[in-house]
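Reviewing the structure listed below.
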Amino acid sequence: MTAYLASLVRSKPITSYTDEARQNDGRGLTRSLSLFHLMMIGVGSTIGTGIFVALTTAVPEAGPAVTLSFVIAGIAATLTALCYAELASVVPAAGSSYSYAYATLGELPAFLIGACLVLEYGVAASAVAVGWGQYLNELFLMTTGWHIPDALAQPPGAGGIVNLPAVMLVGLCLVLLLKGTSESAKTNSILVMAKLAVLALFVGIALMHADPANLHPFAPRGMAGIGAAASSIFFSYVGIDTIATAGEEVENPHRTLPLAIMGALAIVTVTYMLVAISAVGAQPWTKFAGQDAGLAVILHNVTGAQWPAIVLSMGAVASIMSVTLMCIFGQTRILYAMSKDGLLPAVFHKVDARRHVPRENSWIVSIFVALLAAFVPLDALVNATSMGTLVAFCAVSAGVIILRRSRPDLVRGYGVPLYPVLPVASVGICLFLISQLPRDTFVIFAVWLAAAALIYVAYSHRSSILARRHDAP
């Protein structure tokens, strides 16, 4: 029994990650991403989720004080980003939090963190795909006067039968991912630049029409509402982790990964704050609840003209596509890393010899995401994603402390300042945000982790590479 319990926390040596990178014979993932491409992956998988979609759920909880909710979530993300940057400079591998946990916390914790990341990425991609359909419908309505019937544009529980636009979006993303990592990254960069331009247009117009009266009462639901909103929007910072999932496809990862994480976070935080402030200034907070394509509607209402709302809806369609694309990308790389370690079937780490992408993996993930987006309402998806994100962020912050104590000899391309205060603070604020999530989210999360633990015991524990090395004569 003692030996079995010890096997649950066996760790993958740090040297294994660097050895695997050196032994890549051209049949695996290739290092084709630059610093710019990596930063755009972070921005692309982040901006869009919290601004274009989640404001309609966060503002009713916090009122105009949603701006403080973004501040709290941003502080938590910043503290965690510093921890990500240190571990990324030491463990430049695909898998992000999962790989870091495997090197610091052990195999079972790493597998459960991997399950959290699957929940985080798969559900985030689905949630954003649902929002994409809302903006596409708004664009059709403003330009043609026609919109997709609710039966084909909403999931069950939200007035429809199937969310067909969301399924179409996932299909488009799959086509891009199968073309190759470099091509996907270039497409994402173009979409990101378009979304930043459109959001700048929104901020400029909304601020010109802002009414100070809309900011009163500032916090109608008090600190409880601010905390609840911060928890529900935290999933919109998932881009930090997405950067780290590309560790095996980055040029000079020890330097590039930390710089990309911090650069992307700076762009994201500033953008979120500006859009949130201008949105609640331009429209009373009571009107956000249930408002599809909220930012486009705000522009139409304050200007009385169609063209700003049309431009913003077009930008949102492009923007949300980039988020879905990068979230699916991130999930495939998590499953790739887990499969390569033997914790999942080999199909997930098979790489196409010509395109250097995990083709079967991409198909499986896309089908899973499409089914969620087609049949599950948005609100149920958002909180589950936040829980997975927060747990993964806790593991990364704790991993910095563990690795500093267990391997002080490692060469670190970047070190968290004010150690150990900042990693401890990061864990603390993530736990606070977890405590603010609804009770049903904990139930869903517990069931998910229980299912993951059963898979680990039944399959992964005996099939892992570390187990096979230990059992070898």
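The values are calculated or read from the model by the stated rules, or taken from the named source; none is laboratory data. Just so it is clear, the structure is predicted and the values come from calculations on it, not from any experiment. Heads up, the Cβs are rebuilt from the backbone with ideal geometry, glycines too, and the neighbour counts pull from every protein chain shown. Surface areas here come from the heavy atoms of the whole protein model, side chains and all, with no ligands, DNA or RNA. Shrake-Rupley method; radii C 1.70, N 1.55, O 1.52, S 1.80 Å.
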Q) So how do 321-332, 165-176 stack up, highest first, on mean other-Cβ count within 10 Å? A) 321-332, 165-176
(Q) On a straight-distance basis, which lysines could pair with Lys340 in a cross-link, Cα separation under 25 angstrom, same-chain partners fewer than 8 positions away excluded? (A) Lys12, Lys179, Lys350
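What is the sum of charges around Leu422, taking Lys and Arg as +1, Asp and Glu as -1, for the other residues whose C-beta is under 14 Å from the C-beta of Leu422? Walk me through the numbers before you get to the answer.
On the way: positive: Arg404; negative: Glu86.
Charge balance in the 14 Å sphere: 0.
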Q: For the chain, give the magnitude of the charge dipole about the Cα centre (Cβ charges: +1 Lys/Arg, -1 Asp/Glu; no others), in debye to the nearest 20.
A: 900
Q | Residues with amide H under 5 Å from that of Leu33, placed H, sequence gap 5 or more | A | Val250, Glu251
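Suppose R0 equals 56 Å; then what is the FRET efficiency for Lys186 and Ala3 from their Cβ-Cβ distance, rounded to the nearest 0.05? Kindly include the intermediate steps, with their values, before the conclusion.
Details: r = 50 Å, r/R0 = 0.89.
Taking R0 as 56 Å, the efficiency between Lys186 and Ala3 is 0.65.
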Q. Angle, helix 164-179 long axis vs. longest principal axis of the chain, Cα atoms, 0 to 90°, nearest 10?
A. 40
**Q.** Cα-based helix-to-principal-axis angle, 35-44 vs the chain, degrees rounded to 10
**A.** 50
Q | In Å², nearest 10: area of Leu274 left accessible to a 1.4 Å probe | A | 90
Q. Which loop chymotrypsin sites (Phe, Trp or Tyr not before Pro) in region 157-252, with loop taken from DSSP, have no more than 16 other Cβ atoms within 10 angstrom of their Cβ?
A. Phe218
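With a ≥ b ≥ c the root eigenvalues of the C-alpha gyration tensor of region 219-339, is it rounded (a/c under 1.5), prolate (a/b larger than b/c) or oblate?
On the way: a/c = 2.33, a/b = 1.75, b/c = 1.33.
Since a/c reaches 1.5 and a/b is larger than b/c, the shape of region 219-339 is classed as prolate.
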Q | Global geometry of region 288-368, whether rounded, prolate or oblate, following the gyration tensor of its Cα atoms and the 1.5 cut on a/c | A | prolate
Q. What shape does region 397-473 have by the C-alpha gyration tensor, where a ≥ b ≥ c are the square roots of the eigenvalues, rounded means a/c under 1.5, and otherwise prolate means a/b greater than b/c and oblate the rest?
A. oblate
Q: Mind ranking Thr269, Thr441 by accessible surface for me, highest first, 1.4 Å probe?
A: Thr269, Thr441
Q | Phi-based couplings in Hz for region 344-361 (Karplus 6.51, -1.76, 1.60; Gly and Pro marked x) | A | 9, x, 5, 4, 6, 10, 6, 10, 4, 5, 8, 8, 6, 10, x, 5, 4, 4
(Q) If you roll a 1.4 angstrom probe over the protein chains with everything in place, what fraction of the accessible area of region 350-473 belongs to carbon and sulfur, to the nearest %? (A) 69
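Based solely on its DSSP helices, what 222 nm [θ] is calculated for the chain when runs of n ≥ 4 H residues each add -39,500 (n - 2.57) and the sum is averaged over all residues, nearest 500 deg cm²/dmol? List each step's numbers first, then the result.
Working: 20 runs with 331 residues, N = 473.
Using -39500 (n - 2.57) per qualifying helix, the result is -23500 deg cm²/dmol.
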Q. Counting other Cβ atoms within 10 Å of each Cβ, which GluC sites (Glu not before Pro) in region 171-264 have at most 14 and sit in a DSSP loop?
A. Glu251
(Q) What is the sum of charges, Lys and Arg at +1 and Asp and Glu at -1, for the other residues whose Cβ falls under 15 Å from the Cβ of Asn188? (A) +2
Q. For the chain, with the dipole built from +1 on Lys and Arg beta-carbon atoms and -1 on Asp and Glu ones, taken about the Cα centre, which of Thr286, Ser7, Ile444 lies farthest toward the positive end?
A. Ser7
Q) Looking at region 294-357, which trypsin sites (Lys or Arg not before Pro) are in a loop (DSSP not H, G, I, E or B) and have at most 12 other Cβ atoms within 10 Å? A) Arg354
Q. Expressed as an acute angle from 0 to 90° and rounded to the nearest 10, what is the orientation of the C-alpha long axis of helix 307-340 relative to the principal long axis of the chain?
A. 10
Q.
Net charge around Gly413, counting only other residues with Cβ within less than 9 Å of its Cβ (Lys, Arg = +1; Asp, Glu = -1)?
A. +1
